[in-house]
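Peer 1: This is the structure I want to talk about, given as structure tokens.
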Amino acid sequence: MSDMNSTVEEIKIQRGQFVLVLGKSAAGKTTFIKSLYKKYLAEGVKAGYVMQNFDEQIVTDKVWHELCFALENLGTDRLTMQRRVAEVCSYFGISSWLKKDTALLSGGQKQLLNLASVMATTPDVLLLDEPTSQLDPIAAQNFLSTVKKLNTDFGITVIMSEHRIEELFALSDRILFFESQKIALDVSPSDFVTHTQYSAFFPVKYRSAPVANASDADSGFGGADKRAFDERGDSANAVICRNLSFRYGPKEEEVLSDLNIAIRRGEIFAGVGANGSGKSTFLKLLCGLKKPTAGKIKIAKDASIFLLPQNVKNIFTCRTVRDELMECGWDGVTGNPTSENNFLIDSDLLDRHPYDISGGEMQKLALQKILLKKPDIILLDEPTKALDNAFKIEFASILKKLAASGITIILVCHDLDFCEMVADRVSLFFEGQLVGTAGAEEFFAGNNFYTTAKNKLLRKQGSSVFKGDERGEVLK
């Protein structure tokens, strides 16, 4: 921590800069953002901060009250408060939520609310810790455009930690790359891409090269996985949903409406869609946390089903990481970070409190707990949140091995590149149903907005395929 304190004291960030903070999980990004925020407050700088965990930042029961809360604490007069709330509602497109209960918002909606609440205080410096990690691709792009506009038009200094860099790379003036709690690089974006040892953090166009025709890519994107899936085509279904509907209250609109889907044993199935489209609700229905208002869910006989929730802190109950694992059946000996039995936890973390490790390490711990239970069906809600690109590749490999062993994996995710890399089939949540279901490659290639960075680049370059195993290359 002393190294981080000296880093914060020494760093000089000019007014109006847009600074992107990169690095692997647990490299020190969140600690840096928090420390910098405390420094600014101590110096009297008007700073706003958006936390990594959206639930920890919401303190009231209604959206309108949450938007007013910080302004009330600052002693803002009523007329100014009304004007500020109206402005941020228009900026972020959240006017229709104003009278909603905060508890009924989706994870992505809660994060948008936190961002809007901070902007209502008109900060001079905006510090954001992975603000788009749970926003759908369109909402994320709109939000980042708004932040850049604030940065450009009003000179607000933006310091943002993110694993999602495709859009941010072009918006940033400066990149701080962290390793082992220290700044390893402090460079411009154009200089950053010359440091090839960090290529996992480059935008796609700096990592892959298009090829001229499909025959050059026969062993490329999805080939092996597609064949493996075809061989499983006659296997029994793990999950069947028939005319599934759900609403949170008798007067509320239906979140899901006559949804039908069959998911096969050993399949990796991904659902994507806008914030509030019912993705998390769908998983809660599958595991029994919520009951359908109509329709049926059939789960394979004797199948055990486990959910990795959006907020992984909800499944931590012990004082140490070691106790969390032993509670799930770990013997305290078997497994190490490099073993072949999918043990994900660094031994240095075993005696720390689960709340005191990084967001990425929390995700790994939650996943490890589920794997120790040896489930038949795994439900993953935003599983790549807070994970760096290097671990996403490892994570994808783990999921593919689990699926090959017959475990069914159902994930909902805003990380479209990861979905294309790992899923057998993908569906879009729309109007309470799953639509457009197709193989991952076909699904993303056919979309204009819900598509991957690779496909966007291909369209610009007039090519339709990539060299190599793109499911790995797109993240390498």
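Peer 1: Under a no-solvent Debye model with one identical scatterer per Cα of the chain, what's log10 I(q)/I(0) at q = 0.06 Å⁻¹?
Peer 2: -0.27
Peer 1: Taking the Cα centre of the chain as origin and charging only Cβ (+1 Lys, Arg; -1 Asp, Glu), how large is the dipole, in debye to the nearest 20?
Peer 2: It works out to roughly 840 debye.
Peer 1: Just rank Asp124, Asp415, Asp302, fewest to most, by other beta-carbon atoms within 10 angstrom.
Peer 2: In order of increasing Cβ crowding within 10 Å: Asp302, Asp124, Asp415.
Peer 1: How would you classify the stretch 83-170 from its alpha-carbon gyration tensor, with a ≥ b ≥ c the square roots of the eigenvalues: rounded for a/c under 1.5, else prolate if a/b is greater than b/c, otherwise oblate?
Peer 2: oblate
Peer 1: May I ask you to sort Ile94, Ile159 by Cβ crowding, counting other Cβ atoms within 10 Å and putting the fewest first?
Peer 2: Details: Ile94 19, Ile159 25.
In order of increasing Cβ crowding within 10 Å: Ile94, Ile159.
Peer 1: Regarding the stretch 1-107, what are the three Cα extents along the principal axes, ordered largest first, in Å?
Peer 2: Projected onto the principal axes, the Cα atoms of the stretch 1-107 cover 45, 30, 22 Å.
Peer 1: Please name which of Leu168, Leu113, Ser199 has its Cα lying farthest along the dipole of the stretch 1-199 towards the positive end, using unit charges on Cβ (Lys, Arg +1; Asp, Glu -1) and the Cα centre as origin.
Peer 2: Comparing the listed Cα positions along the dipole, Leu113 ranks first.
Peer 1: Hey, another quick one. Show which lysines lie in cross-link reach of Lys46 when reach means a straight Cα distance below 25 angstrom and same-chain residues fewer than eight apart are skipped.
Peer 2: Of all the lysines, those that pass the test against Lys46 - Cα under 25 Å, at least 8 places apart if same chain - are Lys12, Lys29, Lys34, Lys38, Lys110, Lys148, Lys149.
Peer 1: OK, next. Would you mind working out the magnitude of the charge dipole of the stretch 1-199 relative to its Cα centre, with +1 at each Lys and Arg C-beta and -1 at each Asp and Glu C-beta, to the nearest 20 Debye?
Peer 2: On the way: 20 positive and 24 negative charges, 70 e Å.
Roughly 340 debye, rounded to the nearest 20.
Peer 1: Hey, what's the Kirkwood Rh for the stretch 237-462 if you take every pair of different alpha carbons, in angstrom?
Peer 2: Roughly 18.4 Å, rounded to one decimal.
Peer 1: With both partners inside the chain, how many of the DSSP beta bridges are antiparallel, as a percent to the nearest 5? Intermediate values should be presented prior to the final figure.
Peer 2: Values: 23 of 59 bridges.
Counting only bridges with both partners in the chain, antiparallel ones make up about 40 percent.
Peer 1: Could you work out, for the stretch 1-199, what percent of all Cα-Cα pairs fall into each 10 Å distance bin, beginning at 0 Å and stopping at the bin that holds the largest distance?
Peer 2: Bins of 10 Å from zero give 9, 35, 36, 16, 4, 0 percent of pairs.
Peer 1: What is the fewest-to-most order of Ser245, Ser90, Ser25 by other Cβ atoms lying within 10 Å of their Cβ?
Peer 2: Ranked by crowding around the Cβ, least crowded first: Ser90, Ser245, Ser25.
Peer 1: Quick check for me: using +1 on Lys/Arg Cβ and -1 on Asp/Glu Cβ, what's the dipole size of the stretch 237-462 about its Cα centre, in debye to the nearest 20?
Peer 2: Rounded to the nearest 20 debye, it is 660 debye.
Any read-out appearing in this document is the output of simple, stated calculations on the displayed coordinates, not a laboratory observation. What you are looking at is a predicted structure, and each value in this text was computed from that prediction instead of being measured. No Cβ is skipped: glycine too gets one built from the backbone with ideal geometry, and neighbour counts run over all protein chains shown.
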